[in-house]
Amino acid sequence: MIVDKLVDQAIQDRRHFHQYPELSGKEYETGKYVQSRLEKLGIEILDFQPPSVVGYVKGTKGDKTIALRADMDALPIVEEGDKPYISKHHGVSHMCGHDGHTAILLAVAEWTSLHREKIEPNIVFLFQSSEEASPSGADKLIKEGVLEGVDSIYGIHVDADLEKGQFGTRPGAMMASVDDFEIKIQGSGGHASTPHLTVDPIYIATHVIQSLQSIISRKLNPMDASVISVGKIEAGNTYNVIPDSAKIIGTMRSFSTEAVQTIQEQITKLTTGICESFGATAEVEFIVGTPPLVNDEQEAAFAEKVLQDTFGAERYEELEPVMGSEDFSYYLQKIPGVFIKVGMQGEKSQYPHHHPKFDIDEDVFGDAIEVFLKLIQHS
């Protein structure tokens with residue numbers, strides 16, 4: 001394998017990132033580490049706002065430019081376990097794999113810097129801040145112009161849900177959008193013994209919550225898979241007082257922007273109508289999140305061929321879409337590209353992403369590095 005000498009360094013880098021995790025938008029030390037490594041490799045650093053870091057290598061032909069992306073942020077989770085490289089920042093930990101993604105892309109950058117004569121396209125290395133939280137680091141980089149002149153983009157994710165040794169992607173919609181909503185119902189409170197003298201916002205909220213599921217079952221095409229989930233209800237302070245107001249907080253997910261628009265319209269319409277019918281008023285706010293991740297058809301076919309040619313057809317899977325989200329989707333809204341999952345499910349990676357005991361199986365680093373390198377070499 002062409003990447004054997006890079007794996008040890010990638011593991012060392014990953015364990016450093018794991019011990020010193022930083023939350024979304026605060027990855028300044030991580031960014032400094034990455035930039036220092038790139039500078040030592042003689043890779044040009046482009047002018048983008050930290051904590052994201054963007055490197056650039058000019059190809060031998062330079063008639064095409066491709067971008068490779070890694071996310072750098074950690075999560076607000078207390079890590080559990082006794083691994084020697086456990087997080088030193090209590091309450092912050094890499095429980096999704098972004099430490100691995102950053103280390104893998106650094107290894108790819110190192111190989112590229114040492115073999116420039118073999119690289120035909122220009123390469124942009126995106127070490128991106130804030131994938132896990134809003135505002136999105138991908139959206140921010142795009143607004144700063146990071147995709148100007150870029151023809152295609154590739155990203156990977158080590159995946160504890162996919163069997164170790166397998167690779168997967170799919171053409172078209174692969175991951176869902178995620179947007180949040182807040183509904184405030186304003187009623188009129190009073191004593192619990194005289195409910196007829198009140199406009200009970202809690203009772204009204206139960207009708208609103210029930211009605212939300214009718215949007216999925218009766219207002220959307222059954223082929224447009226979507227989810228509406230209420231995650232929090234806020235109302236009242238004690239057992240014998242009907243409060244003035246209630247708040248419903250939830251999330252909605254879908255694979256199409258059209259479905260999201262329909263959901264938003266119907267949430268507003270149903271909520272307003274129900275509240276008016278009970279003599280209450282409503283305020284509905286939508287918090288825009290991440291769009292659906294939709295792989296380019298041609299780029300997905302290209303990635304499938306590269307993966308099968310490199311690792312064998314038996315190690316490739318066309319994945320089913322999932323309702324999880326990923327802000328790599330912002331890039332795919334602008335230019336062609338594909339998102340690839342590298343399987344690592346097994347004893348080392350037996351816990352799901354975002355679990356306090358999640359860990360990466362570093363055995364897959366060699367294959368993950370080679371995925372990027374083969375995409376470069378065949379572009």
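The values are calculated or read from the model by the stated rules, or taken from the named source; none is laboratory data. In this text, all values refer to a predicted model and were calculated from it rather than measured experimentally. We place every Cβ from the backbone using ideal geometry, glycine too, and count neighbours over all the protein chains shown. Just so you know, the surface numbers come from the protein's heavy atoms only, side chains and all, with ligands and any DNA or RNA stripped out. Shrake-Rupley method; radii C 1.70, N 1.55, O 1.52, S 1.80 Å.
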Using only Cα atoms, find the angle between the long axis of helix 257-277 and the longest principal axis of the chain, and express it within 0 to 90 degrees, rounded to the nearest 10.
-> 20
Inter-part distance where the stretch 312-356 and the stretch 1-62 are each reduced to a Cα centre, Å | 21
Cα centre as origin, Lys/Arg/Asp/Glu Cβ charges: the stretch 19-97 dipole, Debye = 360
Using the charge dipole of the chain (Lys, Arg: +1 at Cβ; Asp, Glu: -1 at Cβ; taken about the Cα centre), state which of T238, V227, H355 has its Cα farthest towards the positive end.
-> T238
Any idea what the dipole of the chain comes to, in debye rounded to 20, about its Cα centre with Lys/Arg Cβ at +1 and Asp/Glu Cβ at -1?
-> 300
Could you let me know the centre-to-centre spacing of the stretch 252-305 and the stretch 220-248, using Cα atoms, in angstrom?
-> 17
Check: the stretch 85-199 dipole with +1 on Lys, Arg Cβ and -1 on Asp, Glu Cβ, in debye = 220
Please give the peptides 190-200, 299-309, 239-249 ranked by average Cβ packing (other Cβ atoms within 10 Å per residue), highest first, as a rough proxy for protection.
-> 299-309, 239-249, 190-200
Farthest toward the dipole's positive end in the chain, which of V199, F125, V54, given Cβ charges of +1 (Lys, Arg) and -1 (Asp, Glu) about the Cα centre?
-> V199
Of V288, V178, V364, the one that fluctuates the most in a GNM where the chain has Cα springs shorter than 10 Å = V288
Probe 1.4 Å, protein heavy atoms only - accessible area per residue of the stretch 260-379 in square angstrom = 45
9 Å beta-carbon shell around K348, net charge (K/R +1, D/E -1) = -4
Label corresponding to P(r) over Cα pairs in 20 Å bins from 0, in percent when calculated from the structure given, among (i) 27, 50, 20, 3, 0; (ii) 30, 55, 15, 1; (iii) 30, 59, 11, 0 = (i)
Here the percent of antiparallel bridges among DSSP beta bridges lying wholly in the chain, to the nearest 5, is 65
How would I183, I202 rank on accessible area, largest to smallest, probe 1.4 Å?
-> I202, I183
Å² per residue, accessible surface of the stretch 79-148 at 1.4 Å = 37
For the chain, which whole-number percentage of the solvent-accessible area (1.4 Å probe, protein heavy atoms only) is attributable to carbon and sulfur atoms?
-> 49
Top of G337, G100, G231 by mean-square fluctuation, Gaussian network on the chain, Cα under 10 Å | G231
Report the net charge of residues surrounding V260, where surrounding means a beta-carbon distance below 9 angstrom and charges are Lys +1, Arg +1, Asp -1, Glu -1.
-> -1
In a Gaussian network model over the chain where Cα atoms closer than 10 Å are linked, find which of S229, S52, S325 has the largest mean-square fluctuation.
-> S229
Largest-first ordering by accessible area, 1.4 Å probe, given options Y330, Y203, Y351, Y20 | Y203, Y20, Y351, Y330
Using just the helices of the chain, give the 222 nm mean residue ellipticity in deg cm²/dmol: DSSP H runs with n ≥ 4 each add -39,500 (n - 2.57), and the total is spread over all residues, rounded to 500.
-> -11000 deg cm²/dmol
Selection from G155, H115, F181, by position along the positive dipole direction of the stretch 101-226 (Cβ) = F181
